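Asker: After the structure tokens below, expect a handful of questions from me.
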Amino acid sequence: MIKSGGERSPGFKLLMAILIAAALAIPTFMVWALVYDRQNQSEQAQASITEGWGGPQAMAGPVLVIPYRATATDTVVQAGKSTTVARDVVRELTLAPETVELKTDIQSQHRKRSIYEAVIYNAKMEGRARFVLPPDLARFGISLPDLKFDRAELRFSLSDPRGLGANPKVLAQGTPLRLQPGGGSSGGRGFFAFIDAASLASGGNIAVNYAYEVRGNGALSLAPQAGDTKWAVTSNWPSPSFGGSFIPGNRSVTGKGFTASYDIGNLALGRSLISTADAGAVADTPAPTMKPAPVVMQDAGQAQSAQISLIQTVDLYSQVNRSVKYGFLFIGFTFLALLLFDVIGGVRVSAVEYLLMGAALVLFFVLLLAFAEVIGFTPAYVLASAAIAGLNTAYSAAVLKSWRRATFIGGLLIGLYAVLYILLSLEAFSLLIGSLLLFAALAGVMYATRHIDWGGRREEVTA
């Protein structure tokens, strides 16, 4: 409602501010889409940087695979009668080691291309394993004479063999083995070696020592398969994330790196040390994921792993994205201050002046994103907030006809930027702090406007 003489009521001014603030939601959403697009470009650039080096690596093994002769029966129909026919087939007995002791040293580094960077690593593995045949082998329907020990294979699985370093070494009973590419003679990813496992037939054991290096980026995981798996990890990376199905029993994280140790038994895995399958069935080890997976119940046949992710301590795109979600606070509080100066202070603020100051507030997030990609989030935040606070302070001095009032606007913006930085830093308490801030602001506005007749003229307002 517009009063005579062209004077607007306080209620009309409030409605105008709300409508302009709502209109500014469109460019704010466009900024959010820009952040999402730049994040996708960053991920593509990181994939390009690490291309040929090796992806997130998942390891499994060693396991001993022994072919054996078995009898299969088929039902055929001849002359209208069903007949059972027996035939000899070759199947594979997969034997997990009794014990595995593995030491891993992960040396990480940054690689940059233009304004983008990725974390890569080189991991050195040193391990030993011991294989024995279980005394109750007959329970699995397998007899010793059927096992072809001279055709046994020692298999190591690796999700991205491109990252396998030169000259891996595997020794069985102290004798070096000649390694072959692939997860086995029937295919797969990793490497393997032919081995004579005849010593197992007489109740003996096979001791295996191995060492190899693997390159990758982002994450490294191990799928334990032994009766008792001990995995000790050291690294120079200061901010690891431990995930997967198992977490380390002991770990220490400092600014110079971390150490972690796992001790996993096959009872925790829920699987036997022996499994059988048709010859040629090779299960690839799935690559680890960089995103946290939902917690699900895992059955005995599902692969379980311990995963270590080399995460970036500051993900600037997620922080900028979160800051954009608080954009309405900046617009709302700034417009509220202008409205109070208009309604209570007697300084008329036009719709164009609301719009220009609101546009500057939206521009803050664009500047934050642009600077953060070059100089980092915190310096970019200080620079962008100082630029926008200074711009709006200078402009409000002309709009409000007073540097004293403009100083209030500048102080308000500086306070809002400081509070937002705290909210971004204290993620766990951001909702609590934000809700308390809104409550305090609402209470202050209600107190300051308690005598205003929102439908009347400014002259009718009593302080």
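The values are calculated or read from the model by the stated rules, or taken from the named source; none is laboratory data. Note that the structure is a prediction, hence the values are computed from the model and not measured. With ideal geometry, Cβ positions are generated from the backbone for all residues, glycine too; neighbour counts draw on all protein chains shown. Ligands, DNA and RNA are excluded from the accessible area calculation, which covers all protein heavy atoms including side chains. Shrake-Rupley method; radii C 1.70, N 1.55, O 1.52, S 1.80 Å.
Asker: Give just the number: which of (1) in contact with a Ser or Thr (Cβ under 8 Å, 6 or more places away or on another chain); (2) more than 23 Å from ALA207 (Cα to Cα) does VAL100 not satisfy?
Answerer: Every listed condition holds for VAL100 apart from (2).
Asker: Just wondering, is there one or more residues in the stretch 250-260 that are small (Gly, Ala, Ser), open to solvent by less than 70 Å² (accessible area, probe 1.4 Å), closer than 22 Å to ARG139 by Cα and at pLDDT 80 or above?
Answerer: no
Asker: Do we find that LEU339 is farther than 30 Å from ASP228 by Cα, buried (at least 17 other Cβ atoms within 10 Å of the Cβ) and modelled with pLDDT under 80 in this structure?
Answerer: Judged against the criteria, LEU339 is a match.
Asker: Looking at the stretch 355-366, I want the residues that are within 11 Å of ALA389 (Cα to Cα) and have a partner that is open to solvent by less than 10 Å² (accessible area, probe 1.4 Å) and of a type in the set (Gly, Ala, Ser) with Cβ atoms under 8 Å, at least 6 apart or on another chain. Which pairs are those?
Answerer: MET357/SER396; LEU361/GLY327; PHE364/ALA384
Asker: Look at the stretch 207-262 and say how many of its residues are part of a strand (DSSP E or B), touching a strand residue (DSSP E or B) at 6+ places or on another chain (Cβ under 9 Å) and not aliphatic (A, V, I, L, M).
Answerer: Here is the first cut: in the stretch 207-262, the ones part of a strand (DSSP E or B) are 207-217, 219-223, 228-235, 240-244, 250-254, 257-262.
Those left that are additionally touching a strand residue (DSSP E or B) at 6+ places or on another chain (Cβ under 9 Å): 207-217, 219-223, 228-235, 240-244, 250-253, 257-262.
Cutting the leftovers down to not aliphatic (A, V, I, L, M) gives us 209-210, 212-213, 215-217, 221, 228-231, 234-235, 240-244, 250-252, 257-259, 261-262.
Residues flagged as part of a strand (DSSP E or B), touching a strand residue (DSSP E or B) at 6+ places or on another chain (Cβ under 9 Å) and not aliphatic (A, V, I, L, M) within the stretch 207-262 amount to 27.
Asker: Quick test of your reading of the structure: LEU437 fulfils all but one of (1) at pLDDT below 85; (2) surrounded by 12 or more Cβ atoms within 10 Å (Cβ to Cβ); (3) closer than 26 Å to TYR36 by Cβ. Name the failing condition by number.
Answerer: Condition not satisfied by LEU437: (3).
Asker: I'd like to verify a number: residues in the stretch 367-393 that are open to solvent by 70 Å² or more (accessible area, probe 1.4 Å), more than 27 Å from the chain's Cα centre (by Cα) and touching a residue at least 24 places away in the same chain (Cβ under 8 Å), how many?
Answerer: The total comes to 1.
Asker: So, one more: Take ARG130 and tell me if it is of a type in the set (Lys, Arg) and touching a helix residue (DSSP H, G or I) at 6+ places or on another chain (Cβ under 6 Å).
Answerer: Working: of a type in the set (Lys, Arg): yes; touching a helix residue (DSSP H, G or I) at 6+ places or on another chain (Cβ under 6 Å): no.
Against the criterion (of a type in the set (Lys, Arg) and touching a helix residue (DSSP H, G or I) at 6+ places or on another chain (Cβ under 6 Å)), ARG130 does not qualify.
Asker: Here's a follow-up. Given the criterion without any contact (Cβ under 8 Å) to a residue 24 or more places away in the chain and over 30 Å from ALA372 (Cα atoms), identify the matching residue among ARG189, ARG139. Steps first, please.
Answerer: Details: ARG189 fails: without any contact (Cβ under 8 Å) to a residue 24 or more places away in the chain.
ARG139 is the lone residue from the list that is without any contact (Cβ under 8 Å) to a residue 24 or more places away in the chain and over 30 Å from ALA372 (Cα atoms).
Asker: Sticking with this structure for a sec: Please work out if LEU171 is out of contact with any Leu (no Cβ under 6 Å at 6 or more places or on another chain) and closer than 30 Å to GLU51 by Cβ.
Answerer: Values: out of contact with any Leu (no Cβ under 6 Å at 6 or more places or on another chain): yes; closer than 30 Å to GLU51 by Cβ: no.
No; evaluated as a whole, the condition is false for this residue.
Asker: Taking the conditions exactly as written (open to solvent by 70 Å² or more (accessible area, probe 1.4 Å), in contact with a helix residue (DSSP H, G or I) (Cβ under 9 Å, 6 or more places away or on another chain) and either within 30 Å of GLY227 (Cα to Cα) or modelled with pLDDT of 75 or more (or both)), does ARG111 satisfy them or not? Let's see the steps before the verdict.
Answerer: Details: open to solvent by 70 Å² or more (accessible area, probe 1.4 Å): yes; in contact with a helix residue (DSSP H, G or I) (Cβ under 9 Å, 6 or more places away or on another chain): yes; either within 30 Å of GLY227 (Cα to Cα) or modelled with pLDDT of 75 or more (or both): yes.
Here the answer is yes, as ARG111 does meet what is asked.
Asker: Let me ask something else. Restricted to the stretch 263-277, and to residues that are open to solvent by less than 30 Å² (accessible area, probe 1.4 Å) and in a strand (DSSP E or B), which residue is nearest to GLY244 (Cα to Cα)? Lay out the reasoning, then the answer.
Answerer: Start the filter on the stretch 263-277 by keeping residues that are open to solvent by less than 30 Å² (accessible area, probe 1.4 Å), which leaves 264-265, 269, 274.
Okay, now just the ones that are also in a strand (DSSP E or B), so 264-265, 274.
Details: ILE264: 13, GLY265: 16, ILE274: 23 Å.
Among those residues, the one meeting the criterion is ILE264.
Asker: Based on this model, can you work out whether SER157 counts as of a type in the set (Ser, Thr, Tyr) and under 30 Å from VAL233 (Cα atoms)? Even if it seems obvious, please write down each step before you answer.
Answerer: Working: of a type in the set (Ser, Thr, Tyr): yes; under 30 Å from VAL233 (Cα atoms): yes.
Answer is yes for this residue.
Asker: Taking the stretch 15-66 as the region of interest, how many residues are acidic (Asp, Glu) and within 30 Å of ILE106 (Cα to Cα)?
Answerer: Filtering the stretch 15-66 for residues acidic (Asp, Glu) gives 37, 43, 51.
Now restrict to residues that are within 30 Å of ILE106 (Cα to Cα): 43, 51.
Number satisfying all stated conditions: 2.
Asker: Let me ask another. When you check VAL31 against the structure, is it at pLDDT 85 or above, surrounded by 15 or more Cβ atoms within 10 Å (Cβ to Cβ) and more than 29 Å from GLY182 (Cα to Cα), yes or no?
Answerer: On the way: at pLDDT 85 or above: yes; surrounded by 15 or more Cβ atoms within 10 Å (Cβ to Cβ): yes; more than 29 Å from GLY182 (Cα to Cα): yes.
Answer is yes for this residue.
Let's see how each residue does on (1) among the hydrophobic types (A, V, I, L, M, F, W, C); (2) more than 25 Å from MET16 (Cα to Cα); (3) surrounded by 15 or more Cβ atoms within 10 Å (Cβ to Cβ):
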residue: GLY358; (1), (2), (3): no, no, yes
residue: VAL362; (1), (2), (3): yes, no, yes
residue: TYR395; (1), (2), (3): no, no, yes
residue: LEU412; (1), (2), (3): yes, no, yes
residue: ARG450; (1), (2), (3): no, no, no
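Asker: Right, GLY184: touching a Phe, Trp or Tyr at 6+ places or on another chain (Cβ under 7 Å), at positive phi and part of a loop (DSSP other than H, G, I, E, B) or not?
Answerer: On the way: touching a Phe, Trp or Tyr at 6+ places or on another chain (Cβ under 7 Å): yes; at positive phi: yes; part of a loop (DSSP other than H, G, I, E, B): yes.
Judged against the criteria, GLY184 is a match.
Asker: For the stretch 218-244, enumerate the residues that are out of contact with any Pro (no Cβ under 9 Å at 6 or more places or on another chain), farther than 21 Å from GLY54 by Cβ and among the hydrophobic types (A, V, I, L, M, F, W, C).
Answerer: Across the stretch 218-244, the qualifying residue is only ALA232.
Asker: Determine which single condition THR84 fails, assuming it passes every other condition in (1) modelled with pLDDT of 80 or more; (2) surrounded by fewer than 16 Cβ atoms within 10 Å (Cβ to Cβ).
Answerer: It fails just one condition, (1).
Asker: Under 6 Å between Cβ atoms, which residue pairs at least 6 apart in sequence (or on different chains) link something in the stretch 108-121 that is over 11 Å from THR50 (Cβ atoms) with a partner that is in a strand (DSSP E or B) and at pLDDT below 80?
Answerer: The qualifying pairs are HIS110/GLU117.
Asker: Would you be able to say whether some residue in the stretch 127-136 is of a type in the set (A, V, I, L, M, F, W, C), assigned to a strand (DSSP E or B), within 18 Å of GLY52 (Cα to Cα) and open to solvent by less than 30 Å² (accessible area, probe 1.4 Å)? Steps first, answer last, please.
Answerer: Going residue by residue through the stretch 127-136, those that are of a type in the set (A, V, I, L, M, F, W, C) are 129, 131-133.
Going one step further and asking which of them are assigned to a strand (DSSP E or B), we end up with 129, 131-132.
Okay, now just the ones that are also within 18 Å of GLY52 (Cα to Cα), so none.
No, there is no match, as no residue in the stretch 127-136 is of a type in the set (A, V, I, L, M, F, W, C), assigned to a strand (DSSP E or B), within 18 Å of GLY52 (Cα to Cα) and open to solvent by less than 30 Å² (accessible area, probe 1.4 Å).
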